[in-house]
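The values are calculated or read from the model by the stated rules, or taken from the named source; none is laboratory data. Nothing here was measured: the structure is a model prediction, and the numbers come from that model. Here Cβ is always computed from backbone atoms with ideal geometry, including for glycine, and neighbour counts include all displayed protein chains.
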Amino acid sequence: MPSRITAEIRQAQNGLQWMNYDERVELVSRILTELRDIRKDVLGRIRVDKRIWLDTLIARVSSELIQIAAMDDMEFKLVLIEFEKLLGVFDAPNPDPHQLSPTIQ
């Protein structure tokens, strides 16, 4: 459920200065797991061409995980904010995946 990972993201934003590299990698890995679950459970019912943006985002973040975790605190916080917004869309009682616009990667 996105609300659990969203709470973790908020907590991490408030304590970035105390997060080490490994904790950042772990957090982004959990976010990716959540996005993969959403892709399968929520977006699995819609046409492939309508969900390719999420597949691309997952692949891109997976391939750049090391660089993302190594960002300075402010850059990393911006990434977390964007993940929080994205996951917030799916936290609605009845998320409508057809209303989602592509992410900028």
Look at the stretch 65-91 and say how many of its residues are free of Cβ contacts under 8 Å to residues at least 60 places away in the same chain and charged (D, E, K, R). 5
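When the residues of the stretch 58-76 are narrowed to those that are of a type in the set (D, E, K, R) and part of a helix (DSSP H, G or I), which ends up nearest to Leu32 (Cα to Cα)? If you could, list the steps in order and put the result at the bottom.
Residues of the stretch 58-76 that are of a type in the set (D, E, K, R), as a first pass: 60, 64, 72-73, 75.
So of that shortlist, the ones also part of a helix (DSSP H, G or I) come out as 60, 73, 75.
Working: Arg60: 10, Asp73: 20, Glu75: 18 Å.
Among them, the one singled out is Arg60.
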All but one of (1) surrounded by 14 or more Cβ atoms within 10 Å (Cβ to Cβ); (2) touching a helix residue (DSSP H, G or I) at 6+ places or on another chain (Cβ under 8 Å); (3) modelled with pLDDT under 95 hold for Ile46; state the number of the condition that does not hold. (1)
Six or more apart or on different chains, Cβ under 6 Å: which pairs go from a residue in the stretch 19-46 that's under 14 Å from Ala70 (Cβ atoms) to one that's part of a helix (DSSP H, G or I)? Could you list them? Tyr21/Ala69; Arg24/Ala69; Val25/Ala69; Leu27/Ala12; Val28/Leu65; Val28/Ile68
Taking the stretch 53-64 as the region of interest, how many residues are touching a residue at least 40 places away in the same chain (Cβ under 8 Å) and surrounded by fewer than 16 Cβ atoms within 10 Å (Cβ to Cβ)? 2
Could you grab me the full set of residues in the stretch 75-105 that are surrounded by 16 or more Cβ atoms within 10 Å (Cβ to Cβ), closer than 17 Å to Leu57 by Cα and either among the polar types (S, T, N, Q) or at pLDDT below 65 (or both)? Pro97, Leu100
